[in-house]
Amino acid sequence: MADQTDKTTHFGFQTVPEAEKAGRVQGVFNSVASKYDIMNDVMSMGIHRVWKDAMMDWLAPRPGQSLLDVAGGTGDISFRFLKRAGHGHATVLDLTEPMLVEGRKRAEAAQMEGSLDWVVGDAMALPFDDNTFDVYTISFGIRNVTRPADALAEAYRVLKPGGRLMVLEFSQLPNPGMQKLYDLYSFNVIPRMGKLIAGDHDSYQYLVESIRKFPDQETFLAMIRAAGFDNAKYRNLSMGIAALHSGWKL
C-alpha cells in the first residue's frame, strides 16, 4: 500500500504532492488578497455579483440562522446572507488570513461586527463541533481544496440535522463550441488582467487552470450525494460558466 506522502493532486495543470497544495493555494491568495474583490469584478464583468444574488435567492436565508461560510475570504457571501436574513450569525472561515483581513476592512464588516466571526481554518478539518450550523456555503473555493470529498464530509458533520449545503463554483459549459470560446478568453485574457491589476500573472493562471480541472456539474452532484446529502440538485448560471449545487442534511 502506498504511503500517504506519495499521494498527488493537481495544482492547476501541475501534479504536486497532496501535502504541498494547501501551501501553494495560500501563496496564491496571499498574493492577490488586496486586489481580490477588484479582480472578481474585472474577470466576470461584475456578473459574479448576479451569481451570488442568485445563490441567496435559492438559499432564502431566514432570521436567526447560523451560517458557516467556508473559503469565505473577504466576506461577500456572509454579508449578503446577513442582509437577507435580517438577523443571524455568520462565521467566515478561510485558510488565508490576509483574505480575512481584507474582509474586516470592508464597510459591511463594521456594520455587522456583532454578527460576524472571522476564523483561519482548513475546509478539510473544520474547528467546530458536530451539528453546529444551519447553513454551510462555499463560493469559488472548493476547487482549491486538496480533497473536495473531505471538505464535503466536514460540511455534513458540522451542519445541524435539517441544515443546508450550498456551493457556488465555476463549472463547464454544455456546448463544446461555447466552452472553447470561454477557454480562449480565460487563458488569454484573465492572467494578463491579473498582471496588469494585481501585479500577478501566475496566480491568475493557476485560478484559470483550476476551473478547468474541477469536475463537471453531474460529477460534482454525485460527490455531494456520496457525502450523505439528500435532495441534492444543481442549477446552471450563465449557461454553465458557473453552477449552484444544493444539498440537505436530513
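Going through segment 118-129 one residue at a time, which ones are more than 16 Å from E102 (Cβ to Cβ), part of a strand (DSSP E or B) and free of Cβ contacts under 8 Å to residues at least 40 places away in the same chain?
A125
Right, V101: in a strand (DSSP E or B) and either over 22 Å from K249 (Cβ atoms) or at pLDDT 95 or above (or both) or not?
No: the conditions fail for V101.
For the subset of segment 192-237 comprising residues that are at pLDDT below 95 and of a type in the set (G, A, S), which member is nearest to A33 (Cα to Cα)?
A198
Kindly provide the set of residues from segment 51-72 that are without any contact (Cβ under 8 Å) to a residue 40 or more places away in the chain, of a type in the set (A, V, I, L, M, F, W, C) and in a helix (DSSP H, G or I), ordered by number.
Residue satisfying the conditions is M56 alone.
Given (1) more than 18 Å from the chain's Cα centre (by Cα); (2) in a helix (DSSP H, G or I); (3) not hydrophobic (A, V, I, L, M, F, W, C), identify the lone condition not met by N40.
(1)
Mind checking which residues of segment 79-95 are of a type in the set (G, A, S) and either in a loop (DSSP other than H, G, I, E, B) or touching a residue at least 40 places away in the same chain (Cβ under 8 Å) (or both)?
Residues satisfying the conditions are G86, G88.
Return the pairs, sorted by first residue and then second, in which the second residue is among the β-branched types (V, I, T) and at pLDDT 90 or above, the first residue lies in segment 100-111 and is under 13 Å from G72 (Cβ atoms), the beta carbons are less than 6 Å apart, and the residues are 6+ apart or on different chains.
From residues that are under 13 Å from G72 (Cβ atoms), the pairs are E102/T74; G103/T74.
For segment 165-187, state whether one or more residues are without any contact (Cβ under 8 Å) to a residue 12 or more places away in the chain, closer than 21 Å to D37 by Cα and either of a type outside the set (G, A, S) or part of a helix (DSSP H, G or I) (or both).
Among the residues of segment 165-187, at least one is without any contact (Cβ under 8 Å) to a residue 12 or more places away in the chain, closer than 21 Å to D37 by Cα and either of a type outside the set (G, A, S) or part of a helix (DSSP H, G or I) (or both), which makes the answer yes.
So how many residues does segment 130-164 have that are part of a loop (DSSP other than H, G, I, E, B) and more than 22 Å from R24 (Cα to Cα)? Explain how you work it out, then say what you get.
Going residue by residue through segment 130-164, those that are part of a loop (DSSP other than H, G, I, E, B) are 130-132, 140-141, 145-147.
Applying the additional criterion that residues be more than 22 Å from R24 (Cα to Cα) yields 130-132.
So the answer is 3.
The values are calculated or read from the model by the stated rules, or taken from the named source; none is laboratory data. Computed from a prediction, not measured in an experiment: that's the story for all the values here. We place every Cβ from the backbone using ideal geometry, glycine too, and count neighbours over all the protein chains shown.
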